[in-house]
Amino acid sequence: MKKIILFIILASFLSCNNNQDTPKKRMEIRLAKAKKAQEHKEKSFSKDADFKTATITITGMSCKINCATKIEKNLKNMDGVKTATVDFDNKKATVVYDSNSVVNADFIKIITETNKKVADYKVTDVSVE
């Protein structure tokens, strides 16, 4: 009986020690994946990339977390997009992109397709610098 109790205590102790390292290991894995994704993103632009900045006015956003964040994420994930931010308060997205690989219609499609079942986002203006 004592051996069983000792085994249970030992197993419990070992599992607790392993769990203490888990959050740290998870964070290291996440950081490594993020670094790898960023390196891949940077490599995807050619040397002759022609970067432009588009400012896009969006209507239909009703919340910062669900609306603006999802639109921003979808814009960032587009091929040819270097950076993207969505300002919920001003109802504008700012996108830095390679004009050799992305056109304004691509932004409009991504924005209007985001959360289509829940919201009706519309692009009312696109200006490019």
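The values are calculated or read from the model by the stated rules, or taken from the named source; none is laboratory data. Nothing here was measured: the structure is a model prediction, and the numbers come from that model. Every residue, glycine as well, gets a Cβ built from its backbone with ideal geometry; the counts of neighbours run over all protein chains shown.
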Margin query: For the range 58-67, which positions are at pLDDT below 90 and not in a loop (DSSP other than H, G, I, E, B)?
Written below: LYS64, ILE65, ASN66, CYS67
Checklist line | So LYS109, is it surrounded by fewer than 17 Cβ atoms within 10 Å (Cβ to Cβ), in a helix (DSSP H, G or I) and at pLDDT 90 or above | finding: yes
Next item on the list: Report, by residue number, each residue of the range 72-100 that is without any contact (Cβ under 8 Å) to a residue 40 or more places away in the chain and in a loop (DSSP other than H, G, I, E, B).
Entry: ASN77, MET78, ASP79, GLY80, PHE88, ASP89, ASN90, LYS91
Check: Looking at the range 72-101, which of its residues are more than 11 Å from ALA49 (Cα to Cα) and either among the polar types (S, T, N, Q) or over 18 Å from the mean Cα position of the chain (by Cα) (or both)?
Finding: ASN74, ASN77, THR83, THR85, ASP89, ASN90, LYS91, THR94
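Go through THR83, THR55 for me and flag whichever is of a type outside the set (Phe, Trp, Tyr), modelled with pLDDT under 95 and more than 17 Å from GLU113 (Cβ to Cβ).
Working: THR55 fails: modelled with pLDDT under 95.
Just a single option satisfies the conditions, and that option is THR83.
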